[in-house]
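Engineer: One structure follows; several queries about it will come next.
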Amino acid sequence: MAKKAKCPKCSQEIEVSDNFKIHKNKKYHMSCYKEIVQEVYKKTTVQQDDKQELYSFICGLYSIKELTPMIKAQIEKYYNEHEFTYSGMLYTLKYFFETLEKDTNNCEGIGIIPYMYSEAKEFYILKNKLYESDFDVNSAVIEKVVKFKSKKSENPYLVRMEDL
C-alpha cells in the first residue's frame, strides 16, 4: 500500500477522495494552495508598490520623467545581489538626500545606497523606537530644589581695608 501524501502547509494527510493541487512537486489541499497563492500575490503586489514608489521618488529627485537604464540596472543589482528591499533603498535615499540634506548636483545615479543602507536602517529603527516609546521631553524633566549655604569667612577678626 502506498504511503499517503501530507500537505506541507497544514501537515495533514491528503485522502484519495480529497481535492488537491500539485505545486513544486508537492501535493496541497485546495484550501492550503489558495492560501499560498494569496500570500505570494500579496507579497508581489507590495513589492511592485514599493518599486513604483522608489521609481517616482528618484524621478522627482533628479527631475526626470523616466529612469535611466543605468539607474534601473543599479536598482536590480542592489535588489538581486545585495538583497536590498525596494523600500529600504527608498528610505536610504530619503535619509541621504532629505535628512542629511545632501545635494544631487554631482550625482548621476544611486550609487550611494550600498554605503548608506545600514546607517539609514539604524536611523529609522531608532526613530521608530522613540515614536513607540512616546518619549516626551517635558515629562522627563525632574525638578530638584538645591539649597546653598553661605560661606562664612575663615577668620572673623580679619578686617578688610575697604570696610574702614
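Any read-out appearing in this document is the output of simple, stated calculations on the displayed coordinates, not a laboratory observation. These numbers were taken from a predicted model, which means no experiment stands behind them. Quick reminder, even Gly has a Cβ in these numbers, built from the backbone with ideal geometry, and neighbours come from all protein chains shown.
Engineer: If each residue of separation counts as 0.36 nm, what is the full-extension length gain between Val159 and Lys144 once their alpha-carbon separation is subtracted?
Structural biologist: Roughly 1.6 nm would be gained on extension.
Engineer: Here is a follow-up. Rounded to the nearest 500 deg cm²/dmol, what is the calculated helix-only ellipticity per residue at 222 nm for the chain, with -39500 (n - 2.57) per DSSP H run of length n ≥ 4?
Structural biologist: -15500 deg cm²/dmol
Engineer: Turning to a different aspect of this structure: For Lys72 paired with Thr45, estimate the spin-label separation in nm (one decimal), with each label point 7 Å from Cα along the Cα-to-Cβ line.
Structural biologist: 2.5
Engineer: Give the residue from Leu54, Ile71, Tyr41 lying farthest towards the positive end of the charge dipole for the range 25-71; charges sit on Cβ (+1 for Lys and Arg, -1 for Asp and Glu) and the dipole is referred to the Cα centre.
Structural biologist: Result: Tyr41, furthest along the dipole toward the positive end.
Engineer: Separate question: List, in order, the whole-Hz ³J(HN,Hα) value for each residue of the range 43-49 obtained from phi through the Karplus relation with A = 6.51, B = -1.76, C = 1.60 and θ = phi - 60°; use x for Gly and Pro.
Structural biologist: 5, 6, 5, 5, 5, 5, 5
Engineer: As a footprinting exposure proxy, order Phe97, Phe148 by other Cβ within 10 Å, with the fewest listed first.
Structural biologist: Phe148, Phe97
Engineer: Go through the range 28-106 and name the GluC sites (Glu not before Pro) that are in a DSSP coil and have 11 or fewer other Cβ atoms within 10 Å of their Cβ.
Structural biologist: Hits after loop and neighbour filter: Glu66, Glu81, Glu83, Glu101.
Engineer: May I ask you to compute the full-extension gain from Glu81 to Phe123, defined as 0.36 nm times their residue separation minus their alpha-carbon distance, rounded to one decimal in nm?
Structural biologist: Gain in length upon complete extension: 12.8 nm.
Engineer: Based on the alpha-carbon gyration tensor of the chain and its eigenvalue square roots a ≥ b ≥ c, which shape applies: rounded if a/c is under 1.5, prolate if not and a/b is larger than b/c, or oblate?
Structural biologist: The shape class here is oblate.
Engineer: Okay, moving on. Pick out, in residue order, every one of the trypsin sites (Lys or Arg not before Pro) in the range 1-74 that is DSSP loop and has at most 14 other C-beta atoms within 10 Å; say none if there are none.
Structural biologist: Loop-located and lightly packed - Lys3, Lys4, Lys24, Lys65.
Engineer: Ok, one more. When the dipole is taken about the Cα centre of the chain, and only Lys, Arg (+1) and Asp, Glu (-1) are charged at their Cβ, what size is it in debye, to the nearest 20?
Structural biologist: Roughly 860 debye, rounded to the nearest 20.
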